[in-house]
1. Would you be able to say whether some residue in the stretch 12-32 is at pLDDT 85 or above and either in contact with a helix residue (DSSP H, G or I) (Cβ under 9 Å, 6 or more places away or on another chain) or under 21 Å from residue 114 (Cα atoms) (or both)?
2. Based on what the data block shows, is residue 179 in a helix (DSSP H, G or I), more than 28 Å from residue 83 (Cα to Cα) and in contact (Cβ under 8 Å) with a residue 24 or more places away in the chain?
3. Which one of these does residue 197 not meet: (1) in contact with a strand residue (DSSP E or B) (Cβ under 9 Å, 6 or more places away or on another chain); (2) without any contact (Cβ under 8 Å) to a residue 60 or more places away in the chain; (3) over 22 Å from residue 75 (Cα atoms)?
4. Counting just the residues of the stretch 103-123 that are touching a strand residue (DSSP E or B) at 6+ places or on another chain (Cβ under 7 Å) and assigned to a loop (DSSP other than H, G, I, E, B), which one comes out surrounded by the fewest Cβ atoms within 10 Å (Cβ to Cβ)?
5. Within the stretch 50-75, restricting attention to residues that are without any contact (Cβ under 8 Å) to a residue 60 or more places away in the chain and surrounded by fewer than 20 Cβ atoms within 10 Å (Cβ to Cβ), which residue is nearest to residue 112 (Cα to Cα)?
6. Does the stretch 200-234 hold any residues that are in a loop (DSSP other than H, G, I, E, B), free of Cβ contacts under 8 Å to residues at least 24 places away in the same chain and out of contact with any helix residue (DSSP H, G or I) (no Cβ under 8 Å at 6 or more places or on another chain), and which are they?
7. Of 190, 237, which residue is under 30 Å from residue 40 (Cβ atoms), assigned to a helix (DSSP H, G or I) and in contact with a strand residue (DSSP E or B) (Cβ under 7 Å, 6 or more places away or on another chain)?
């Protein structure tokens, strides 16, 4: 990993409950993902939020939620819903499938803890990637899971719809079309691999009242509904272990 990437990682990270994650660990632990010929899309503001609680406890299964700001919104509620059932951490990031930096971030966190379940979503960022580029990048993420968490049970979560800013009664057609196309492409891949699907799109799609004014994020009622669904899907996988 380059010095520039390490600096960006540290500057944009909000890391709580994660110990010993320093530049030296990143240098030692992060694998080399070649990006010289990759079409990389970046946003004006990049960010990373990592939360790994109960790092010294081992009595319960450990779950990692991977996603974006939607995951960051429902993550604490899922942790509360599964209290006494599992330790629930999260990795929320602005990086999209197609960006090698996403693979680096995931690889680093998977080496921090042994995870029994990985619930992952990635769909609202990276609008500069074509649908073909996005879908083609998924196997690379699955390969990182297999390499660093080979025993973890995977759950893929569909991405939620997008509403018109300040007029959430109406769907943002272009944005939601991109989401639905990405959901369909990823669903086809994970179905072939027998990875369970947690359909968060269905939880939200008929409830514009769950959205806040930006049309992307959710109010307390919306995040509570999402958290209940995520916790339910995780409990089902844990029960089948």
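1. no
2. Yes: the conditions hold for residue 179.
3. Just one mismatch for residue 197, condition (3).
4. Only one residue fits best here, namely 114.
5. 55
6. 206
7. 190
One line per residue, one yes/no per condition, for (1) modelled with pLDDT of 95 or more; (2) crowded, with 22+ Cβ neighbours inside 10 Å; (3) touching a helix residue (DSSP H, G or I) at 6+ places or on another chain (Cβ under 6 Å); (4) in a strand (DSSP E or B):
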| site | (1), (2), (3), (4) |
| --- | --- |
| 127 | no, no, no, no |
| 132 | no, no, no, no |
| 138 | yes, no, yes, no |
| 142 | yes, no, no, no |
| 150 | yes, no, no, no |
| 159 | yes, yes, yes, no |
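The values are calculated or read from the model by the stated rules, or taken from the named source; none is laboratory data. What you see is a predicted model; the values in this text were computed from it and never measured. Counting neighbours? That spans all protein chains shown, and the Cβs are built from the backbone with ideal geometry, glycine included.
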